[in-house]
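Data first, discussion second: the structure below is written as structure tokens.
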Amino acid sequence: MERKKRAVIAGGGWAGCAAAVSAVKCGLEAVLLERTDMLLGTGLVGGIMRNNGRFAAQEECSALGGGELFSITDECARHRNVDFPGHRHATLYDIALTPAAVSRYLEELGVRVEYQSRVEKAEVSDGAVRSVTDGAGRVFGGDVFVDATGSAGPQGNCRSYGNGCAMCVLRCPSFGGRISLTALAGVSEIQGKNASGGTGAMSGACKLLKESLATSLVERLEKTGVAVVPLPEELVEDHLAKKACQQYALPEYRENLILLDTGHAKLMAPYFNLQKLRRVPGFENARYADPYAGGRGNSVRFLAMAPRGDSLLVRGTKNLFCAGEKAGLLVGHTEAIVTGTLAGYNAARLAGGNAPLTLPRQLACGEAIAFVREQMETPRGLSMKYTFSGSVLYERLEQLGLAVADPERIRDRVERLGLTGALRPPGT
């Protein structure tokens, strides 16, 4: 019997999980290497889905045949159709329930997950990755590979470009900092800039222990999913230029404390001085859950991205794809799932001797992948951040009529292009 082709995926965040799901669905054996003891990466403290153009991207990806992980976030939703400043019809998933639900799904699907397996070496010959080796000396050979290692960490980068290690959910001190498979393959990576001209950008939100907030504030959060608390002028901190999430770089996020209920209270600021925070009514006992040093800083991201084409094949390699933040200045879980799904699917196509698929620009997902790649080839584009939910990419999708929030219209658009179920193998 012919040996099953194998995909090896480095990084178990949303992008890596989506790549593994896609690869297995298309008949490959999938090995997912995660350097920590939990899946989802920044998705462990994320929680925002379907806001603004992410609605269209999620529905498109589902119509294309890649909706399994989106179904899980919908099933684990704490709140639906939430509006908050600059954003409409958001779904907020429960950050406590979702990671375990994803883990169970991957296990049922047959994905082999190796925890505490940080890729440290790669064997490359003739432009193709042949195997990777983790810190324990285990060797994982494969036919195709996906780099979903992200763009944040290790600690040295947070010291150099941020305010030092903020003890975030990435937990570099415990599990070692990120090591890029793309770099191990000998490919020179791209560094993003921030709005101030510096390198990288800070993660855009913190988590507060909900039980440390006033009862009235918690009740409002749990009833509506959102709370907007005006700040006295003397307590205002302006970190908007430092945010990776430029869709939240709006005056409302400087002048107010904006909280979302994802299980913890998600504070939509990269960081906020704890002593100042405790002077705001309702926050007298406030305590950070992530990062633990959320009064001082946050993790720095977009320091290591792969040059790639629109099929997400890494340039200069023959069998290495990229997804999530590794695929560019893309912010968010929806963006990670979309690129991960395509990367895993194209890895399977390549392993089967077929040319990778490029999504057409008549789709929000295809336009995002191509537009971000184009923009990153310009100096100005490297200082921007791109997301379906705001800023320059969302504005472009709105102009092109691709950011609709109508599932039927979105499914019709995919069908007219002849792409319904395109990311599934034939006959499924």
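The values are calculated or read from the model by the stated rules, or taken from the named source; none is laboratory data. Predicted model only: the values in this text are computed from it and were never measured. Here the Cβ positions follow ideal geometry from the backbone for every residue, glycine too, while neighbour counts run over all protein chains shown. Accessible surface is based on the protein model in full, side chains and every heavy atom, while ligands, DNA and RNA are left aside. Shrake-Rupley method; radii C 1.70, N 1.55, O 1.52, S 1.80 Å.
Here are some notes:
- The residues of segment 1-118 have, on average, 34 Å² of accessible surface per residue, using a 1.4 Å probe with all protein chains present.
- All Cα pairs of segment 146-285, percent lying beyond 28 Å: 27 percent
- Cut-off of 10 Å, at most 12 other beta carbons, DSSP loop: longest stretch of the chain lacking such GluC sites (Glu not before Pro): 3-283
- Relative contact order (%) - criterion: Cα under 8 Å, at least six apart; region: segment 289-381: 23 percent
- For the chain, the Kirkwood estimate of the hydrodynamic radius, built from every pair of different alpha carbons, is 21.4 Å.
- For the chain, the relative contact order works out to 24 percent when only alpha carbon pairs closer than 8 Å and six or more residues apart are counted.
- Kyte-Doolittle mean at least 0.0 and Cα axial length at least 27 Å: DSSP H helices in the chain: none
- The C-alpha radius of gyration of segment 2-65, expressed as a fraction of 2.2 N^0.38 Å, stands at 1.30.
- Carbon-plus-sulfur accessible fraction, segment 374-428 (probe radius 1.4 Å, protein heavy atoms only): 47%.
- Share of carbon and sulfur in the accessible area of segment 39-143 stands at 44%, probe radius 1.4 Å.
- Annotation for segment 1-109: trypsin sites (Lys or Arg not before Pro) lying in DSSP loop with at most 15 further Cβ atoms inside 10 Å of their Cβ are ARG3, LYS4.
- Solvent-accessible surface (1.4 angstrom probe) belonging to TYR394, in square angstrom, nearest 10: 20 Å²
- Heavy-atom accessible surface of segment 267-359: percent carbon and sulfur, 1.4 Å: 47 percent
- Using the Stokes-Einstein relation with a Kirkwood hydrodynamic radius computed over Cα pairs, the translational diffusion coefficient of segment 265-378 at 25 °C and a viscosity of 0.890 mPa s comes to 148 µm²/s.
- Computed [θ] at 222 nm, deg cm²/dmol, the chain (DSSP H ≥ 4; -39,500 (n - 2.57); rounded to nearest 500): -8500 deg cm²/dmol
- The Stokes-Einstein estimate for segment 45-134, based on a Kirkwood radius over Cα pairs and taken at 37 °C with 0.692 mPa s viscosity, is a diffusion coefficient of 210 µm²/s.
- 19 Å tail of the calculated P(r), segment 319-397, as % of Cα pairs: 34 percent
- Per residue, segment 332-428 exposes 42 Å² of accessible surface when a 1.4 Å probe is rolled over the protein heavy atoms with every protein chain present.
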